[in-house]
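Undergrad: Quick one: the structure is below, and I'll ask about it shortly.
The values are calculated or read from the model by the stated rules, or taken from the named source; none is laboratory data. What you see is a predicted model; the values in this text were computed from it and never measured. No Cβ is skipped: glycine too gets one built from the backbone with ideal geometry, and neighbour counts run over all protein chains shown. Just so you know, the surface numbers come from the protein's heavy atoms only, side chains and all, with ligands and any DNA or RNA stripped out. Shrake-Rupley method; radii C 1.70, N 1.55, O 1.52, S 1.80 Å.
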Amino acid sequence: MAIQGKNIRVLVIDNSAVYRTLISTNLSSKPGIEIIATAVDAYDAQQKITQLKPDVLIIDVEMPKMNGIQLTKKLMSESPIPIILISSANINVFEALQAGAVDFVKKPDGNHSVSAESFIDELYGKIKIASIAKIAGNIQKRTVTTSDSPSPNASASVSSILGNTLKDCSDSVCSSTLIALGASTGGTEAIFEVLRKLPAKIPPILIVQHMPPVFTKLYAERLNKFCAMNVKEAQHNDVVLPGQVYIAPGDCQMRLVKVAGTYKISCKGTEKVTGHCPSVDVLFESVAKESAKKNIGIILTGMGKDGAAGLLEMRKKGAYTIGESQESCVVYGMPMVAQNIGAVMIQASNKDISGILMKHLNTLG
């Protein structure tokens with residue numbers, strides 16, 4: 001982890017001389033970044049990591065002999081270090097992050113869907129996040145903090161809250177409740193940790209995970225293979241139904257709307273809100289405004305404050321709100337801001353959130 005006030009020392013690992021030059025030259029001009037070396041492959045990289053001890057690694061996925069995901073797995077098992085994976089292909093995001101990478105960035109391609117300038121800007125932002133991310137020994141203790149008021153000091157034992165709760169919801173709860181969830185850095189794994197334990201019969205779940213286009217569809221498809229409910233990338237005018245999980249597309253804002261008495265999803269607008277598109281605040285605020293259901297809001301790991309204001313609006317409208325606790329967050333940013341402004345009713349490790357959610361849903365039935 002980089003020391004506050006010091007430059008973040010970065011090692012760039014890519015078998016393409018063009019990209020090594022592009023990344024090194026452009027990032028070197030950014031404040032707070034020092035490119036200490038480049039490496040042409042995994043073996044070259046391992047020697048330089050030992051010698052130079054960088055703060056953050058940028059690793060290309062498509063490398064010969066040992067690819068970026070294989071190298072990430074090896075490094076994380078031996079000496080964990082913050083890693084950002086880059087790729088020009090539509091990589092398996094779930095596998096990349098599960099390997100231990102903090103984040104990933106899409107390389108520019110021939111279709112010009114990603115420009116060199118936006119690539120460098122995004123990489124710069126992710127490097128700063130990665131330098132403070134918790135990666136080693138991210139042990140998610142089963143500790144829960146709960147409160148009827150926003151006090152961060154009240155607590156309750158896990159066993160008294162959870163019980164045996166992971167069972168199907170009643171028809172009345174499924175039709176009268178809506179769940180909105182938001183996350184950023186570290187969120188793909190945290191979301192999976194929450195969703196994988198939930199039953200097939202559950203209220204609709206709307207999710208914003210900060211992620212670029214294409215990757216959101218791949219991520220939804222991956223989740224769909226491992227979760228009991230149906231998971232899909234949301235489309236404009238989708239009807240919101242129980243047992244369905246809707247992942248916001250990576251290139252537009254997702255909102256809940258009510259049309260002729262029916263709840264639907266709106267996927268419109270590419271403007272950034274709280275610095276993001278899609279934005280968690282946009283989703284949460286639309287749920288607070290449009291839905292008269294017994295709503296539930298969940299905010300997970302991520303840098304910044306996106307979602308905090310929207311979650312507070314949901315709570316003011318009577319929603320039950322949950323925030324991921326610091327112990328399991330890769331970056332305790334968004335949940336911390338939400339907690340500090342009084343938006344969170346209960347904090348918990350991401351491993352415990354599904355049980356707390358189901359316990360609450362059972363009380364509604």
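Undergrad: Which whole-Hz ³J(HN,Hα) couplings does the range 221-229 yield from phi under the Karplus relation 6.51 cos²θ - 1.76 cosθ + 1.60, θ = phi - 60°, glycine and proline marked x?
TA: 3J(HN,Hα) across the range 221-229, in whole Hz: 5, 5, 4, 4, 6, 10, 10, 6, 7.
Undergrad: Please report the net charge: other residues with Cβ closer than 15 Å to the Cβ of R20, K and R +1, D and E -1.
TA: -3
Undergrad: Given contacts defined as C-alpha pairs under 8 Å and at least six residues apart, what's the relative contact order of the chain, whole-number percent?
TA: Across the chain, relative contact order equals 15 percent.
Undergrad: What is the P(r) of the chain, as percent of Cα-Cα pairs per 10 Å bin from 0?
TA: Cα pair-distance distribution for the chain, in percent: 5, 25, 33, 22, 11, 3, 0.
Undergrad: Another one. Report the far tail of the P(r) of the range 1-74, meaning the percent of Cα-Cα pairs longer than 20 Å.
TA: Considering the range 1-74, 27 percent of its Cα-Cα pairs are separated by more than 20 Å.
Undergrad: Arrange the peptides 53-60, 231-238 so that the one whose residues have, on average, the most other Cβ atoms within 10 Å appears first.
TA: Order by mean packing, descending: 53-60, 231-238.
Undergrad: To continue, here is another question. Project the alpha carbons of the range 184-288 onto their principal axes and report the range along each, largest first, in whole Å.
TA: Result for the range 184-288: principal-axis Cα extents of 34, 32, 22 Å.
Undergrad: Please state, to two decimals, what the Cα-based radius of gyration of the range 270-365 comes to when divided by 2.2 N^0.38 Å (N = residues).
TA: Details: Rg = 12.8 Å, N = 96, 2.2 N^0.38 = 12.5 Å.
Normalised Rg, Cα atoms only: 1.03.
Undergrad: Applying the Karplus parametrisation 6.51 cos²θ - 1.76 cosθ + 1.60 with θ = phi - 60° to the phi angles of the range 195-206, what ³J(HN,Hα) value in whole Hz is obtained for each residue in order, glycine and proline being reported as x?
TA: 5, 5, 9, 7, x, 5, 8, 8, x, x, 10, 10
Undergrad: State the Cα centre-to-centre distance between the range 312-365 and the range 211-266 in whole Å.
TA: Spelled out, the Cα-based centre of one part sits 21 Å from the other.
Undergrad: Ranking request for peptides 292-299, 258-265: highest mean number of other beta-carbon atoms within 10 Å first, then the rest in descending order.
TA: Order by mean packing, descending: 292-299, 258-265.
Undergrad: Could I ask something else about it? Would you please put 314-326, 73-85, 274-286 in order of how densely packed they are, using the mean number of other Cβ atoms within 10 angstrom per residue and starting with the highest? Spell out each step's value before the answer.
TA: Working: 314-326: 22.2, 73-85: 17.9, 274-286: 24.8.
Ranking, from highest mean packing down: 274-286, 314-326, 73-85.
Undergrad: A further question on this structure: Pull up all non-local amide H partners of L206: gap of 5 or more, or a different chain, and H-to-H distance under 5 Å with H placed in the peptide plane.
TA: Answer set, sorted by chain and number: I179, A180, L181, Y246.
Undergrad: Can you give me the solvent accessible area of R255 with a 1.4 Å probe, rounded to the nearest 10 Å²?
TA: Number for this one is 70 Å².
Undergrad: OK, next. Solvent-accessible area of K167, probe 1.4 Å, all protein chains present, reported in Å² to the nearest ten, please.
TA: Solvent-accessible area, nearest 10 Å²: 120 Å².
Undergrad: Run lengths n ≥ 4 of DSSP H only: what is the helix-derived mean residue ellipticity at 222 nm for the chain, with -39500 (n - 2.57) per run over all residues, to the nearest 500? Before the final figure, lay out the partial values.
TA: On the way: 13 runs with 129 residues, N = 365.
Value at 222 nm, helices only, nearest 500: -10500 deg cm²/dmol.
Undergrad: Using the Cα gyration tensor of the range 210-261, with a ≥ b ≥ c the square roots of its eigenvalues, what is the shape: rounded (a/c below 1.5), prolate (a/b larger than b/c) or oblate (neither)?
TA: Oblate shape, in that a/c is at least 1.5 and b/c is the bigger or equal ratio.
Undergrad: I would also like to ask the following. When the Karplus curve 6.51 cos²θ - 1.76 cosθ + 1.60 is applied with θ = phi - 60°, which whole-Hz ³J(HN,Hα) does each residue of the range 46-52 get, with x for Gly and Pro?
TA: Running phi through 6.51 cos²θ - 1.76 cosθ + 1.60 with θ = phi - 60° gives 5, 5, 6, 4, 5, 6, 9 Hz.
Undergrad: Next up: Can you tell me which lysines have their Cα less than 24 Å from the Cα of K268? Leave out same-chain residues fewer than eight positions away.
TA: Counting by Cα, and skipping residues close in sequence, K268 has these lysines nearby: K106, K217, K232, K258, K289, K293, K305.
Undergrad: Taking the chain as a Gaussian network, where each spring joins two C-alpha atoms under 10 Å apart, which residue of Q347, Q209, Q70 fluctuates the most?
TA: Looking only at Q347, Q209, Q70, the biggest GNM fluctuation is shown by Q70.
Undergrad: Of the accessible area of the chain, with the probe set at 1.4 angstrom, what percent is carbon plus sulfur?
TA: 50
Undergrad: Can you return the lysines within cross-link range of K73? Criterion is Cα-Cα under 19 Å, with same-chain partners fewer than 8 residues away left out.
TA: K48, K53, K65, K134
Undergrad: Still on this structure, I have one more. What FRET efficiency comes out for N237 versus D168 if R0 is 25 angstrom and r is the Cβ-Cβ distance? Round to the nearest 0.05.
TA: With a Förster radius of 25 Å, E is 0.35.
Undergrad: Write down the accessible area per residue of the chain in Å², having rolled a 1.4 Å probe over the full set of protein chains.
TA: The answer is 41 Å² per residue.
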